Amino acid sequence: MTAAQGFEPRIIGFLCTWCSYAGADQAGGSQKPYPPNLSVVRVMCSGRVDPQFILSAFANGADGVIIMACHPGDCHYKEGNCRALQRYSMLCRVLETFGIEKERIRLEYVSASEGEIFRRIVHETVSSLRGLGPLVLPD
């Protein structure tokens, strides 16, 4: 049995209240199924997702993290999603120094009306993480 067989990844999703969380709600309201692997953390803005939250998620057993933001130009807080993109880029480099594959973290833009896109992103992330197998942090 390979590491990925029978493995179900644990994913933490940081979703902005105004767009991505509403997109997740739209997916659920439309009864569009998506894997139950995602645990949602609702944040006021993706720009408020502190890099320490991501590191803590991995340290506490997450196999992957998704940050979902408003589309560029649509941020309720004007430029929070731009801040999220800057932090995401920095986080990818930091995670590599810890031996964590960059494929374990995603930044995606999902609006309130994009329940189907939300669903697709969750499916893709679960599939990708199944292929990577469980996260094993170095000692």
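Computed from the coordinates by the stated procedures, all read-outs in this text should not be read as laboratory data. Please read these numbers as outputs of a predicted model, since none were measured by experiment. Cβ atoms come from the backbone with ideal geometry, glycine included; neighbour counts cover every protein chain shown.
Its Cα centre serving as origin, the chain has a Cβ charge dipole (Lys and Arg +1, Asp and Glu -1) of approximately 160 debye.
Shown here is the pair-distance distribution of the stretch 1-77: with all Cα-Cα distances grouped in 10 Å bins from zero up to the longest one, the shares run 18, 43, 30, 8, 1 percent. Remark on the stretch 11-129: ratio of C-alpha radius of gyration to 2.2 N^0.38 Å is 0.98. Shown here are the Rg and Dmax of the Cα trace of the stretch 47-95, at 11.5, 34 Å. A straight chain from Q86 to S127 at 0.36 nm per residue would run longer than the Cα-Cα distance by 12.2 nm.
Charges were assigned to the Cβ only: +1 to each Lys and Arg, -1 to each Asp and Glu. The resulting dipole of the stretch 72-129 about its Cα centre is roughly 200 debye.
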